[in-house]
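The structure appears below as structure tokens.
All of the numbers you see were taken from the coordinates with simple rules; none came from a lab. Nothing here was measured: the structure is a model prediction, and the numbers come from that model. Heads up, the Cβs are rebuilt from the backbone with ideal geometry, glycines too, and the neighbour counts pull from every protein chain shown.
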Amino acid sequence: MKSKNGKLQDRVAIIFGGTSGLGEATAKAFANEGAKVVVTGRDEDDGERIIKDIKDNGQEAIFVKADVTSKAEIEAVVDKALETYGQIDILYNGAGIHDAYKNAVELDEDFYDKLMAINVKAPYLAAKMVIPHFIKQGSGAIINVGSQATQMAGPGGSAYVTSKHAVLGFTKQLAFDFGSQGVKVNILSPGFIETPMTDGIEDDRLDRIPAQRAGKPEEIAALAVFLASDDSNYMHGANVFMDGGWVLGRK
């Protein structure tokens, strides 16, 4: 257990997509730095397991089951955070799905709509609900989760790449609109990370990564701590890659 006066001491963080992979690692890293964490996701068993891990470490957290395709359930998460802790200081938009590299002809329209609802609309709804609280208190940090697909084609198919480009634009516009009111917004773009989303993917990509390995969720979580903390207060609208250098050689 980390000592008091961590980088996020007494701040309240909402973690959307917090029940596995990067979200789980980020929730635990935030709690380790003193934050009170609201973990959200659709899997109640995983959510309660993560909360138990955090509480067993002497830290504060609650789980709120939520489907980010539902505006009402996103709003319920925000309301529960305020009801429980009286404030919100950090919003981490980490929920996302992949499209299995399908092109526009192959992609099913219903799945396209679902992916856009999770990857693009959910961050918009969460930000829309949280930013007024940030403005009222004069501070707040939003971390949107991108990918190499925020910059190029190839890391996903038609829907995924489109969605991550959209999130990058959304991040920049949020920073432009609200940075002067104390709201810090940045996008964290991981590369190939050991998470459930990458399970079963076997190819030569590791040979093309300068670091010659996949990243670990805990490494991405450490970057999220930096983006949520005062250490990054002069960063607004930045797209921060952590991908082992993979983006350098992508074509």
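In sequence order, region 169-175 has phi-based couplings of x, 4, 4, 4, 5, 4, 4 Hz under the Karplus curve 6.51 cos²θ - 1.76 cosθ + 1.60, θ = phi - 60°, and Gly or Pro positions carry x. Please give the helix 122-137 orientation as an angle from the longest Cα principal axis of the chain, in degrees from 0 to 90, rounded to the nearest 10. For 122-137 against the chain, the angle is about 30 degrees. Between ARG208 and ASP113, what is the label-point separation in nm under the 7 Å Cα-to-beta-carbon projection? In this crude label model, ASP113 to ARG208 measures out at 3.4 nm. A Gaussian network model of the chain, with springs between Cα atoms under 10 Å, assigns the largest mean-square fluctuation among LEU82, LEU223, LEU168 to LEU82.
With the alpha-carbon atoms as the only input, what is the per residue convex hull volume for region 12-243 in Å³? Write down the numbers at each step before the final one.
On the way: hull volume 28.0 nm³, N = 232.
Cα convex hull per residue, to the nearest whole number: 121 Å³.
The stretch between GLU219 and LYS65 holds 52.9 nm of extra length on full extension. This uses 0.36 nm per residue minus the Cα-Cα distance.
If you place +1 on the Cβ of every Lys and Arg, -1 on the Cβ of every Asp and Glu, and leave all else neutral, what size is the dipole of the chain about its Cα centre, to the nearest 20 Debye?
Working: 27 positive and 35 negative charges, 173 e Å.
Here the chain has a charge dipole of around 820 debye.
Could you compute the FRET efficiency for LYS136 and ASP231, with r as their C-beta to C-beta distance and R0 at 22 Å, rounded to 0.05?
Details: r = 24 Å, r/R0 = 1.09.
E between LYS136 and ASP231, to the nearest 0.05, is 0.40.
With the charge dipole of the chain set up from +1 on Lys and Arg Cβ and -1 on Asp and Glu Cβ about the Cα centre, the Cα lying farthest toward the positive end among the listed residues HIS98, ILE54, VAL12 is that of VAL12. Comparing Cα centroids, region 103-160 and region 67-94 end up 16 angstrom apart. Projecting the Cα positions of SER189, PHE30, PRO132 onto the charge dipole of the chain (unit charges on Cβ atoms of Lys, Arg, Asp and Glu, taken about the Cα centre) puts PRO132 furthest along the positive direction.
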